[in-house]
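Worksheet: one structure, shown below.
The values are calculated or read from the model by the stated rules, or taken from the named source; none is laboratory data. The model shown is predicted, which means the values in this text are computed figures rather than measured ones. Counting neighbours? That spans all protein chains shown, and the Cβs are built from the backbone with ideal geometry, glycine included. Ligands, DNA and RNA are stripped out before the accessible areas are found, and what is left, the full protein with its side chains, is counted by its heavy atoms. Shrake-Rupley method; radii C 1.70, N 1.55, O 1.52, S 1.80 Å.
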Amino acid sequence: MSGSSMFVPPRRLRRGVALTLVLGGVLVTGGVSGVWRDGDTREHRPVRAGAVADASGPGETALAEAAEAAMAAGESGSDAAEEVVSRSGDRWSAVYSAGEYEGLRQSLDGWYVGVGIWVRHDAEGRIEVARALPGSPADRAGVRPGDRLRAIDGEKTGGQPVTEVVSLLRGDERGAEEGSSVKLDLERGDRRWRETLTRARLAAESVTTRTAADGTTLIEVGSFTKGSGEEVLRAVRKARDGAGVLLDLRGNPGGLVAEAVTAASAFLDGGLVATYDMHGEQRALHAQEGEAAEGLPLVVLVDGGTMSSAELLAGALQDRGRAVVVGSETFGKGSVQMPEELPDGSVAELTVGHYRTPSGRTVDGEGITPDLVAREGAEERARTVLTGLAGAS
């Protein structure tokens, strides 16, 4: 949805949707998707807002002072910092507990502690299982797609945002670790039962690849976690010459920007991928040289759930004439945040800048408009376009 730059999403909608500059200079993004894994730290509902011209977040000094004053008064430092963020009008700055932030970093490293369930709202607004990761605790217990998740550790899921259900599955508030247990109340048809599952360390599956009968390679990137860029590179190297690649970024909430740049290197032989400003200083991100499969037909699929570094990748391929982008307008998340540890151990992510595509387009609040808009049957349209490109190559 659209709105002015003063719209402030509540805390639940800001968690996990920040483009972060993590210590060590690694750009990170989070974002929005309709289906969530219990390893995800993403938000469920997209919030659109107008672009802002410069960094508009609250200063780290103000947050630290608010947190210190609250703690001295025996109150929550993180709650005080969150109040400062809410008043600032910055829709992307956010405050995380130490546990939430650690969960985010673990997910971006390509693993998480959970039971291996993807969840979503069904047509009636109830929480249901979208998928159980093969070999995970949930899968071994017989949990299947379509099962309704009625309660977690006795807390009913009805009316809960998907993000809160994910948090309960992970045990964020309790600092649950590998080996901890969680009780699920489930329903399938007329059957109701309870399963007690043991949380395990699970690998995040971010890239899946399959080859169609005509030789077309479909590469679906669910998010940009550690190593996903190299996975895209390997998949492209194996792609059949001349058949083409369909790169599916629909519902991709972002992730590590460095991984998105590596993925861009599969198709761009060096050159600009994006620019960004941080505290007024202009910086640039470039593709690697010598990795690109030049001439390989490429179509990129996007939608309203395509965010942050996924938008950066789609925009770069579009601007540089390397791909035809098909689907619906992307989310429009292009701000840069930097984490700051607060006195109570919580972490604030503060807006410090924004990024742009190679042609200078602003992504934040604008999104990427596809070359071919297809809200229904997008994949079929994309395959038709790819067939045409392959025939012309």
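Filter region 196-235 down to the residues that are hydrophobic (A, V, I, L, M, F, W, C) and in contact with a Phe, Trp or Tyr (Cβ under 7 Å, 6 or more places away or on another chain) and list them by number.
L202, A203, A204
Does region 63-76 contain any residue that is on the phi > 0 side of the Ramachandran plot and at pLDDT 75 or above?
Yes: one or more hits.
Please work out which one of (1) closer than 23 Å to G110 by Cβ; (2) in contact with a strand residue (DSSP E or B) (Cβ under 8 Å, 6 or more places away or on another chain); (3) open to solvent by less than 10 Å² (accessible area, probe 1.4 Å) is the condition V347 fails and give its number.
Among (1) closer than 23 Å to G110 by Cβ; (2) in contact with a strand residue (DSSP E or B) (Cβ under 8 Å, 6 or more places away or on another chain); (3) open to solvent by less than 10 Å² (accessible area, probe 1.4 Å), the lone unmet condition for V347 is (3).
I want to confirm something. Restricting to region 230-251 and keeping residues that are without any contact (Cβ under 8 Å) to a residue 60 or more places away in the chain and assigned to a loop (DSSP other than H, G, I, E, B), which single residue is surrounded by the fewest Cβ atoms within 10 Å (Cβ to Cβ)?
D241
Does V352 satisfy the condition of being in contact with a Phe, Trp or Tyr (Cβ under 6 Å, 6 or more places away or on another chain) and either within 28 Å of S78 (Cα to Cα) or not β-branched (V, I, T) (or both)? Walk me through how you get there before you give the answer.
Values: in contact with a Phe, Trp or Tyr (Cβ under 6 Å, 6 or more places away or on another chain): no; either within 28 Å of S78 (Cα to Cα) or not β-branched (V, I, T) (or both): yes.
Answer is no for this residue.
Is it true that D172 is without any contact (Cβ under 8 Å) to a residue 12 or more places away in the chain and either over 14 Å from V143 (Cβ atoms) or within 25 Å of the chain's Cα centre (by Cα) (or both)?
Numbers: without any contact (Cβ under 8 Å) to a residue 12 or more places away in the chain: no; either over 14 Å from V143 (Cβ atoms) or within 25 Å of the chain's Cα centre (by Cα) (or both): yes.
Considered against the rule, which asks whether it is without any contact (Cβ under 8 Å) to a residue 12 or more places away in the chain and either over 14 Å from V143 (Cβ atoms) or within 25 Å of the chain's Cα centre (by Cα) (or both), D172 comes out as no.
Which residues, taken from region 298-322, are assigned to a loop (DSSP other than H, G, I, E, B) and either of a type in the set (G, A, S) or more than 17 Å from L246 (Cβ to Cβ) (or both)?
Hits for region 298-322 are G304, G305, M307, R320, G321.
Name the residue that is surrounded by the most Cβ atoms within 10 Å (Cβ to Cβ), counting only residues in region 62-103 that are under 9 Å from S346 (Cβ atoms) and either in contact with a Cys (Cβ under 8 Å, 6 or more places away or on another chain) or of a type in the set (A, V, I, L, M, F, W, C) (or both).
A81
Please tell me if L386 is under 24 Å from G251 (Cα atoms), touching a Leu at 6+ places or on another chain (Cβ under 7 Å) and not β-branched (V, I, T).
Details: under 24 Å from G251 (Cα atoms): yes; touching a Leu at 6+ places or on another chain (Cβ under 7 Å): yes; not β-branched (V, I, T): yes.
So L386 passes the test.
Any residue that is of a type outside the set (S, T, Y), in contact with a strand residue (DSSP E or B) (Cβ under 9 Å, 6 or more places away or on another chain), open to solvent by 70 Å² or more (accessible area, probe 1.4 Å) and not in a strand (DSSP E or B) - is there at least one of those in region 146-160?
no
If you take the residues in region 299-343 that are within 16 Å of the chain's Cα centre (by Cα) and of a type in the set (S, T, N, Q), which one is modelled with the highest pLDDT?
Among those that are within 16 Å of the chain's Cα centre (by Cα) and of a type in the set (S, T, N, Q), it is T330.
Can you tell me how many residues in region 89-128 are touching a Gly at 6+ places or on another chain (Cβ under 7 Å) and free of Cβ contacts under 8 Å to residues at least 40 places away in the same chain?
Filtering region 89-128 for residues touching a Gly at 6+ places or on another chain (Cβ under 7 Å) gives 90, 93, 98-99, 104, 107-108, 110, 112, 114, 120, 126, 128.
Within this subset, residues satisfying the condition of being free of Cβ contacts under 8 Å to residues at least 40 places away in the same chain are 126, 128.
Count: 2.
Please work out which residue is surrounded by the most Cβ atoms within 10 Å (Cβ to Cβ), limiting yourself to region 257-272 and to residues that are β-branched (V, I, T) and in contact with a strand residue (DSSP E or B) (Cβ under 8 Å, 6 or more places away or on another chain).
Out of the qualifying residues, it is V257.
Restricting to region 323-343, give me the number of residues that are assigned to a loop (DSSP other than H, G, I, E, B), over 19 Å from W92 (Cβ atoms), open to solvent by less than 40 Å² (accessible area, probe 1.4 Å) and not hydroxyl-bearing (S, T, Y).
1
If you take the residues in region 344-393 that are assigned to a loop (DSSP other than H, G, I, E, B) and basic (K, R), which one is modelled with the lowest pLDDT?
R375
Is there a residue in region 185-208 that is open to solvent by 30 Å² or more (accessible area, probe 1.4 Å), in a strand (DSSP E or B), within 22 Å of G244 (Cβ to Cβ) and not small (G, A, S)?
Within region 185-208, one or more residues are open to solvent by 30 Å² or more (accessible area, probe 1.4 Å), in a strand (DSSP E or B), within 22 Å of G244 (Cβ to Cβ) and not small (G, A, S).
Do we have G254 as within 15 Å of A204 (Cβ to Cβ) and surrounded by fewer than 23 Cβ atoms within 10 Å (Cβ to Cβ) here?
no
How about region 166-175: which of its residues are open to solvent by less than 30 Å² (accessible area, probe 1.4 Å) and among the aliphatic types (A, V, I, L, M)?
Selection gives V166, L169.
Quick one: which of A264, A212 is at pLDDT below 95 and over 25 Å from W118 (Cα atoms)?
Working: A264 fails: at pLDDT below 95.
Step by step, each of A264, A212 is checked, and only A212 is at pLDDT below 95 and over 25 Å from W118 (Cα atoms).
Open to solvent by less than 50 Å² (accessible area, probe 1.4 Å), assigned to a loop (DSSP other than H, G, I, E, B) and farther than 16 Å from I219 by Cβ: does that describe G295?
Taking the combined requirement at face value, the residue does not satisfy it.
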